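Notes follow the structure.
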Amino acid sequence: QVQLVESGGGLVQPGGSLRLSCAASGSAFRIYAMGWYRQAPGKQRELVAYITTGRSTYYADSVKGRFTISRDNAKNTVYLQMNSLKPEDTAVYYCNKFPASANYWGQGTQVTVSS
C-alpha cells in the first residue's frame, strides 16, 4: 500500500512558475509509473503527465513544453515543475499511479493562476 501527499500549490500570476511535490510512503513507490492529474471546477479529472520507472515521460498536449515531471526514488517523491502558467491551468492537482488507482487518490494541492 502506498500513501501519497501532494504539496506546493498556491496562487501565481500568469506566466509564473510552481513546483509540485508528491511524497509517497512505502518502498513499493519505485516499481510504479507515476502520474500527475488535475481537476478544474466543473470538469473531469484529466491526466497531465506521467513518468515510468525507466523515466520515460508523457505530457498532455495542453502542458507540453511548459511542464516537466521527474522522480527521485531515493526520496520517494515525484515532482511537477510548471512554468509559463496560464489561467486555464487552475485546478486541484493530484498524483497517483499510472494508470491511476482508485485507492491512491490523495487530497491534492490547489493551483490558482490569476492576476
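The values are calculated or read from the model by the stated rules, or taken from the named source; none is laboratory data. The structure presented is a predicted model; accordingly, all values stated were derived computationally and were not measured. Virtual Cβ from ideal backbone geometry, glycine too; neighbours counted across all protein chains shown. Note: areas computed on protein heavy atoms with side chains; ligands, DNA, RNA excluded. Shrake-Rupley method; radii C 1.70, N 1.55, O 1.52, S 1.80 Å.
Scanning the stretch 58-92 for residues that are of a type in the set (A, V, I, L, M, F, W, C) and either touching a helix residue (DSSP H, G or I) at 6+ places or on another chain (Cβ under 9 Å) or assigned to a helix (DSSP H, G or I) (or both) turns up VAL63, PHE67, ALA74, VAL78, MET82.
One residue is enough: does the stretch 74-83 have a residue meeting the conditions of a type in the set (Gly, Ala, Ser) and closer than 18 Å to ARG55 by Cα? So far as the stretch 74-83 goes, yes, one or more of its residues are of a type in the set (Gly, Ala, Ser) and closer than 18 Å to ARG55 by Cα. Scanning the stretch 65-96 for residues that are more than 10 Å from the chain's Cα centre (by Cα), modelled with pLDDT of 95 or more and aliphatic (A, V, I, L, M) yields LEU85, ALA91.
Please verify whether the stretch 31-39 includes one or more residues that are open to solvent by 30 Å² or more (accessible area, probe 1.4 Å), in contact (Cβ under 8 Å) with a residue 12 or more places away in the chain and within 18 Å of GLN3 (Cα to Cα). Yes: the stretch 31-39 contains one or more residues that are open to solvent by 30 Å² or more (accessible area, probe 1.4 Å), in contact (Cβ under 8 Å) with a residue 12 or more places away in the chain and within 18 Å of GLN3 (Cα to Cα). Just a yes or no: is a residue in the stretch 64-78 touching a Lys or Arg at 6+ places or on another chain (Cβ under 9 Å), over 16 Å from ALA23 (Cα atoms) and open to solvent by 50 Å² or more (accessible area, probe 1.4 Å)? No, the stretch 64-78 has no match at all.
If you go through the stretch 45-63 and keep only what is closer than 14 Å to ALA100 by Cα and either in contact (Cβ under 8 Å) with a residue 60 or more places away in the chain or not aliphatic (A, V, I, L, M) (or both), you end up with ARG45, GLU46, TYR50, THR52. Taking every residue in the stretch 96-115 that is farther than 15 Å from LEU4 by Cβ and pairing it with any residue that is open to solvent by 70 Å² or more (accessible area, probe 1.4 Å) and hydrophobic (A, V, I, L, M, F, W, C), at least 6 positions away or on another chain, the pairs with Cβ-Cβ distances below 9 Å are GLN110/LEU11; VAL111/LEU11; THR112/LEU11; VAL113/LEU11; SER114/LEU11. Give the residue that is farthest from ASN76 (Cα to Cα), with candidates limited to residues of the stretch 1-17 that are open to solvent by less than 30 Å² (accessible area, probe 1.4 Å) and within 13 Å of the chain's Cα centre (by Cα). Result: GLU6.
One residue stands out in the stretch 40-57 among those that are among the hydroxyl-bearing types (Ser, Thr, Tyr) and outside any strand (DSSP E or B): the one that is surrounded by the fewest Cβ atoms within 10 Å (Cβ to Cβ), namely SER56.
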